[in-house]
Amino acid sequence: MHKPPLAIGIDIGGTNVRAACIDASGQILERLVERTLRDPTALTSRLIALIRALDRPGITAVGIGVPGRVDARRNQVLSGGYVDLSTIPLAEAIERETGKSAFIDNDCNMALVGEIAAGAARDCRHVAMLTIGTGIGGAVVLDGTVMRGQRSAGQLGHVTVDLGGTVCNCGRIGCVETTSSGTALGRHIAAAGLAVGTSADEVLALARSGDARATGVIEAWAVPLRAAIDSIVASVDPELFLLGGGLGATACAALEWAPALSPWYQCPVRPAVLGDDAGVIGAALAGMKDDLFSP
Ligand SMILES: [Zn+2]
């Protein structure tokens, strides 16, 4: 009897590693979550253990979403921030130890694939996405295919929005990651004199009630984000722009204080809907080598 394909999707986040067994429709059959280890060798051992724990008949592939720049055609991590897997042959180790094919891609590419397959961008063929968390990730799907450039296109957190701004992790100045990430929001909150630990949703509620300091914080966070969205829309002309990651929905709401001005670059901006599941769903589907998302 023909069995529908299954695959394991893994999403390596700054805090947690999520792993799940997924069917071809993007449905999660079983999931496991554990803390992310920073040491690449120890982390790889844990990934192998997670794959073994989720294994069942019919699973031949694993997809892994990695934070950082990835050359998906060569199955190679090029660079990483808080978890740097560029120093070890990750795909080879997983294939050798588990006997399954392993496909590696950037975590935001995986999340966008998940949202197109089973989330906010169903039936869309041209979509751009920013994931807003500790940093800002990016991904673009055009004509139903992940945009790759020569190696690792879609690093949209590094769109320049503030030439007089602060130095970014990438070495340049004023990337949108430095103004509109969760880390940046924390900085804006402290600079405005609001209580340390005030959440993004609390700042938003204060701004809605007319609080001037909170409004200033939201503008400092959202206006550069709008500039980045406008630049990306002008560059790739998506039919839909998604904001994902832990702060995606709040950032979407904050854009009320930074409306799109140019009639040329209008594009609906919506929150991603799969939350933490987007990455594992997309990773598993990418691992199955769905034609639409193959490298
Ligand atoms: Zn940068």
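Every read-out reported here was derived from the displayed coordinates using simple, explicitly stated rules and does not represent laboratory data. Everything numeric in this text was worked out from a predicted model, so none of it was measured. Neighbour counts run over all protein chains shown; Cβ positions are idealised from the backbone, glycine included.
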- Item | Tilt relative to the chain, helix 107-118 - C-alpha long axis, 0 to 90 degrees, to 10 | 80 degrees
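In debye, nearest 20: dipole of the range 1-75 around its Cα centre with unit charges on the Cβ of K, R (+) and D, E (-)?
Around 140 debye, computed over the range 1-75.
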- Message: Please list, ordered by chain and number, the residues whose modelled amide H lies under 5 Å from the amide H of Gly68; skip anything fewer than 5 residues away on the same chain.
- Response: Asp107
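Using just the helices of the chain, give the 222 nm mean residue ellipticity in deg cm²/dmol: DSSP H runs with n ≥ 4 each add -39,500 (n - 2.57), and the total is spread over all residues, rounded to 500. Working shown, then result.
Values: 9 runs with 103 residues, N = 295.
My calculation for the chain gives -10500 deg cm²/dmol from helical runs alone.
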- Item | Residue-by-residue Karplus 3J(HN,Hα) for the range 173-180, coefficients 6.51, -1.76, 1.60, Hz, glycine and proline x | 10, x, 5, 4, 4, 7, 10, 10
- Message: Distances longer than 34 Å among the Cα atoms of the chain: what percent of all pairs is that?
- Response: 20 percent
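Sum up the charges of everything whose Cβ sits under 12 Å from the Cβ of Thr198, counting Lys and Arg as +1 and Asp and Glu as -1, but leave Thr198 out.
Working: positive: Arg213; negative: Asp201, Glu202, Asp211.
My count for the surroundings of Thr198 gives -2.
Where Lys and Arg each count +1 and Asp and Glu each count -1, what net charge lies around Gly157 among other residues with Cβ under 14 Å from its Cβ? Write out the running numbers ahead of the final one.
On the way: positive: Arg69, Arg172; negative: Asp107, Asp162, Glu177.
So the environment of Gly157 carries a net charge of -1.
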- Message: What are the ³J(HN,Hα) couplings of the range 125-136, residue after residue, when phi is run through the Karplus curve with 6.51, -1.76, 1.60 and θ = phi - 60°? Round to Hz, x for glycine and proline.
- Response: 10, 9, 9, 10, 9, 10, 9, 10, x, 3, x, 10
- Distance in nm between label sites at Leu37 and Cys124, each 7 Å beyond Cα in the beta-carbon direction? 3.7 nm
- Message: Pairwise over distinct Cα atoms, reciprocal of the mean inverse distance: report the Kirkwood radius of the range 137-187 in Å, one decimal place.
- Response: 11.9 Å
- Taking only C-alpha positions in the range 124-271, Rg and Dmax in angstrom work out to 15.0, 48
- Estimated FRET transfer efficiency (Tyr82, Asp237; beta-carbon r; R0 45 Å; 0.05): 0.90
- Read phi for every residue in the range 270-281 and hand back ³J(HN,Hα) as whole Hz from Karplus 6.51 cos²θ - 1.76 cosθ + 1.60, θ = phi - 60°, with x for Gly and Pro. 10, x, 5, 10, 8, x, 5, 7, 4, x, 6, 5
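Assigning unit charges at the beta carbon (Lys, Arg +1; Asp, Glu -1) and nothing else, what dipole magnitude in debye, to the nearest 20, does the range 124-271 show about its Cα centre?
On the way: 9 positive and 11 negative charges, 59 e Å.
The calculation lands at about 280 debye.
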- What distance in nm separates the simple spin-label points at Ile173 and Asn16, each placed 7 Å from Cα in the Cβ direction? 4.0 nm
